[in-house]
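The numbers here are math on the coordinates, done by the rules we state, and not lab data. Just so it is clear, the model here is predicted, and its values are computed rather than measured. Don't worry about glycine lacking a Cβ; one is built from the backbone with ideal geometry, like all the others, and counts go over all protein chains shown.
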Amino acid sequence: MTEANVFLFLLHIAGAAALLIWSVRLVRTGVERAFSIELRLWLRRSADNRILAACTGLVVAVMLQSSTAVAILVSNFASGGTIALSLGLAILLGADVGSALVAQFLLVRFEFIIPVLLLAGTGLFLQGRNKRSRQTGRILIGLGLIFVSLDMIRVTTAPLVDSEAAIRVMQYLGQDRLTSFLIGAAFAWMVHSSVAAVLLFVTLVLQGLLPTNAAVAMVLGANLGGALIAYYLTLNAPLEARRMIVSNLVLRGGGAMLVLLLIALFAPPLDLLGGTGARQVINLHLAFNLGLALLILPVTGLVAGLAEKLMQPTPVAAAALGTLTALDPAALATPERALSCAAREILRMGEMVEAMLRSTIRLYATWDDDAASAITGSQTAVRKMHFNIKLYLAGLNRGELTEQSRRKSMELATLAAHLEAAGEFLEGNMMGLARRLDTDGLAFSTTGWREICDLHDRVLANVQLALNIMMTQNPDDARELVAEKDHIRAIEQKLQRNHLDRLREGLKESIETTNIHQETLRALKQINASFSMVAYPILSETGDLLSSRLTEARRQSG
């Protein structure tokens, strides 16, 4: 093979692998954008027993084509104290099985599947009248491109079957299981997808290029690499979330290493797993994750207890740079820079309020003086930031500004005020309501508590969307946020009616907590409304806000 041919081969295989990685991500992001809120609610509501939790994790991982995405979602629940460590771990074990099933599904080939998926997906994406239908089109396009990328890998690697150099390299990997294991772990880590890694390895086995022994080690390594992805992405998460992720890493990664060792020592026959090398490899991947889930599910409570003992909270010293601010006085001479500085500081405000929102709901379940003090300290910092932003923008407005810069300055000042108001609802209202629950020894009804957690989760998702909009200024996301404001208002009214129905039924817990319940729902609605203000300046520029107001005015006058 000449140097030109080698370069062309590497280019083709890299392009095919890149398309595979991107296609898997395309499917995952499509599902997240279309069904994220439903998936979040489904995952949290499943945390009633371990079997249901594991099954839910499996189904959601199949939909998202990623156990890592499920791990990130569940870690958010653990951070907010709305899911127990043992049940969160059960969800992750089920998600690992779901991720293995995805690889099984994507290796099934039908001649008609690619054009059908691409035609249907493109039609839905271009002609869909709402976000969900367009994102469904995105999912179908992603699935079609996964099959296209696998075909590209098959075509590109076909000539290597007759290459002596390639055969020697692959034979070496078949003999050196440890190197193959590490390659599998590293590749899954690099592409941030164990599904894509497993599909690539099995496809190479199908081509007769990669020995079964090497592929087995690589697939086991991909399990370690897949678990490492979630660990890396949650390094700065609260301790409750990290306990769950680390437990899954130890179980999945450690289990993969143990199975590799057993295979090396006893060389068990793999014929029971399938008649071909590729089928043996892909079935071993599923058998490993399914076996791990069945083995650990009965003892997730013990694993959780061990994790809590080994991972104890440690005092954290105050950050030396905690008092730094983005409000650079030197930038006041350049209005554009100064406005950017103010926007960055407001984003910091929003992130602090988001952290308060995550923490406050935990106080309703279990009062914690330290957590309450941290929330109070955060709101004090938010008030100070708001005050400094007002002074900074006032100093900017004393100079000569264009009409556009002056309008932007007013928008930022208004947004800062709304974010401080959201913090006040959290620290002044919700935290006080949580304290009353603890002081009076009260508890919500089971249904009432589930409704509050559901609404809190929706509001948290909208807060995260608002923070993303502050960075991207995306009009589509802004439209979604405003639509969610109306949706949250309707949900809050429905939940208030549900609560009144329980009062009429004479439910003791509802009667005792009626004021706390209703005020909590109102506070969450107001927090959502405060963050939705991020979208209005963007929609005002695109004309969406004006048209929506005119439409509403005409509807009312009619």
Next on the checklist: Between LYS390 and ALA483, what's the calculated FRET efficiency when r is the beta-carbon distance and R0 is 30 Å? Round to 0.05.
Outcome noted: 0.50
Checklist outcome for this item: Checked against the positive end of the charge dipole of the chain (+1 on Cβ of Lys and Arg, -1 on Cβ of Asp and Glu, about the Cα centre), the farthest of GLN127, ASN397, SER340 is GLN127
Next on the checklist: Counting other C-beta atoms within 10 Å, and keeping those with at most 11, which DSSP coil chymotrypsin sites (Phe, Trp or Tyr not before Pro) do you find in the stretch 37-110?
Outcome noted: PHE110
Checklist entry - Size of the dipole of the chain about the Cα centre, Lys and Arg at +1 and Asp and Glu at -1 on the beta carbon, nothing else charged, in debye to 20? => result 720
Checklist outcome for this item: Taking the chain, the lysine pairs whose C-alpha atoms sit under 19 Å apart (8 or more places apart or on different chains) add up to 5
Checklist entry - How large is log10 I(q)/I(0) at q = 0.14 Å⁻¹ when the Debye formula is applied to the Cα atoms of the stretch 361-407, each weighted equally and without solvent? => result -0.55
Checklist outcome for this item: Any residue on another chain or 5+ positions along whose placed amide H is under 5 Å from the amide H of LEU210 is listed here as VAL205
Checklist entry - In degrees, nearest 10, range 0 to 90: what is the angle between the Cα axis of helix 335-365 and the longest Cα principal axis of the chain? => result 80
Item to check | Listed peptides 487-497, 523-533 by packing density, highest first (mean Cβ within 10 Å) | outcome: 523-533, 487-497
Next on the checklist: On the Cα set of the stretch 70-149, report Rg and Dmax in Å, please.
Outcome noted: 17.0, 48
Item to check | Around GLY144: net Lys/Arg minus Asp/Glu count, Cβ-Cβ under 12 Å | outcome: 0
Item to check | Nearest-20 debye value, the stretch 404-558 charge dipole, Cβ charges on Lys, Arg, Asp, Glu | outcome: 480
Checklist outcome for this item: Across 5 Å bins beginning at 0, the whole-percent shares of Cα-Cα pair distances in the stretch 360-478 come to 2, 10, 14, 17, 17, 14, 10, 7, 5, 3, 1, 0
Next on the checklist: If I histogram all Cα-Cα distances within the stretch 16-104 using bins 5 Å wide from 0, what percent of pairs lands in each bin?
Outcome noted: 3, 17, 27, 25, 16, 8, 4, 2, 0
Next on the checklist: Can you work out the Karplus-derived ³J(HN,Hα) for every residue in the stretch 399-408? Use 6.51 cos²θ - 1.76 cosθ + 1.60 with θ = phi - 60°, whole Hz, and x for glycine or proline.
Outcome noted: x, 8, 10, 6, 4, 5, 5, 5, 5, 4
Checklist entry - Nearest 20 debye, what's the magnitude of the dipole of the stretch 365-454 about its Cα centre given +1 on Lys and Arg Cβ and -1 on Asp and Glu Cβ? => result 540
Checklist entry - What angle, in degrees between 0 and 90 and rounded to the nearest 10, separates the Cα long axis of helix 300-310 from the longest principal axis of the Cα atoms of the chain? => result 70
Checklist entry - So what does log10 I(q)/I(0) come out to for the stretch 53-101 at q = 0.12 Å⁻¹, using the Debye formula with one equal point on every Cα and no solvent? => result -0.19
Checklist entry - If one takes the longest principal axis of the Cα atoms in the chain, at what angle in degrees, from 0 to 90 and to the nearest 10, does the Cα axis of helix 431-440 lie? => result 90
Checklist outcome for this item: Relative to the compact-globule estimate 2.2 N^0.38 Å (N residues), the Cα gyration radius of the chain stands at a ratio of 1.10
